Amino acid sequence: MKTIPFNAGSLKKMITVLKKGGVIAHPADTCFGLTGDLMNPEVYKKIQKIKGRDYKNPMSIMISVVEQIKINNYVKIDDFSSFITYKLFPGAVTLVMPKGPNIPKYYFPDLKTIGLRVPLHNLTQDVLTAFGGPLITTSANPSGLDLCFSHKEVMESFKDSEYKPDLIIEGKTNHYDLASTVIGVEKDHVKIIRKGPVTKSQLEGILGVEVKE
């Protein structure tokens, strides 16, 4: 597994790898993540092989802050969900909402919803902006193993795996030792699907609406 530090030169390398259908492990605002091109039909299968998980086990996507103005391309938005995204993005949350028109039909076709992230992390935002489109995102560890918070942990986690990331960005996470809080956005409330760094009380304070668990 090749590791490289993050700089202007390696950013170009990352984009080249992603455009060619590669999978990258990178530090993020939560745990280390795996990412690849959402619009490449082979990439999500490749990530699932790297993770060693069932193909029906869904993965989220992420977009840049710049791309957030086009959020209705990726999820269906009404007044309430628009308010929620405005208050919580960017941040350490994944919002689960109905799929929008630009989600490829091959991407978990049995599901009507998708998890969407806008990470609060400079490196991840640099990659998303330079790539210029949505990326798949999931934690950088084989299924069933602990989350990783540094590139060394990622290398250790995948050392015995048949399938590995094409490139690992050196570094460590510096915000939370948790995966993102996963939140289902309903018609008039939100529901925590998976606990994470943003808590129920914090959400209620930010949103001023009922938060279910």
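Points to keep in mind about this one:
- Enumeration of residues in region 31-53 that are hydroxyl-bearing (Ser, Thr, Tyr) and open to solvent by less than 10 Å² (accessible area, probe 1.4 Å): Thr35
- Between Val65, Val93, the distinction of being out of contact with any Phe, Trp or Tyr (no Cβ under 7 Å at 6 or more places or on another chain), surrounded by fewer than 18 Cβ atoms within 10 Å (Cβ to Cβ) and touching a residue at least 12 places away in the same chain (Cβ under 8 Å) belongs to Val65 only.
- Unmet requirement for Glu170, which otherwise passes all of (1) touching a strand residue (DSSP E or B) at 6+ places or on another chain (Cβ under 6 Å); (2) in contact (Cβ under 8 Å) with a residue 24 or more places away in the chain; (3) more than 27 Å from Val17 (Cβ to Cβ); (4) among the acidic types (Asp, Glu): (3)
- Test set (1) surrounded by fewer than 19 Cβ atoms within 10 Å (Cβ to Cβ); (2) out of contact with any helix residue (DSSP H, G or I) (no Cβ under 6 Å at 6 or more places or on another chain) - Gly100 fails condition number: (2)
This table checks each residue for (1) open to solvent by 20 Å² or more (accessible area, probe 1.4 Å); (2) under 16 Å from Lys49 (Cα atoms); (3) among the aliphatic types (A, V, I, L, M).
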residue: Glu162; (1), (2), (3): yes, yes, no
residue: Ile169; (1), (2), (3): no, no, yes
residue: Glu186; (1), (2), (3): yes, no, no
residue: Val190; (1), (2), (3): no, no, yes
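- Condition met for Asp54 (farther than 16 Å from Ile169 by Cβ and touching a Lys or Arg at 6+ places or on another chain (Cβ under 8 Å)): no
- Checking each residue in region 68-90 for being of a type in the set (Phe, Trp, Tyr) and surrounded by fewer than 18 Cβ atoms within 10 Å (Cβ to Cβ) picks out Phe80, Phe83, Tyr86.
The values are calculated or read from the model by the stated rules, or taken from the named source; none is laboratory data. Bear in mind that the values here come from a model prediction, so they are computed numbers and not experimental data. So basically every Cβ, Gly included, is an ideal-geometry build from the backbone, and we count neighbours across all protein chains shown. We work out accessible area using only protein heavy atoms, side chains counted, and drop any ligands, DNA or RNA first. Shrake-Rupley method; radii C 1.70, N 1.55, O 1.52, S 1.80 Å.
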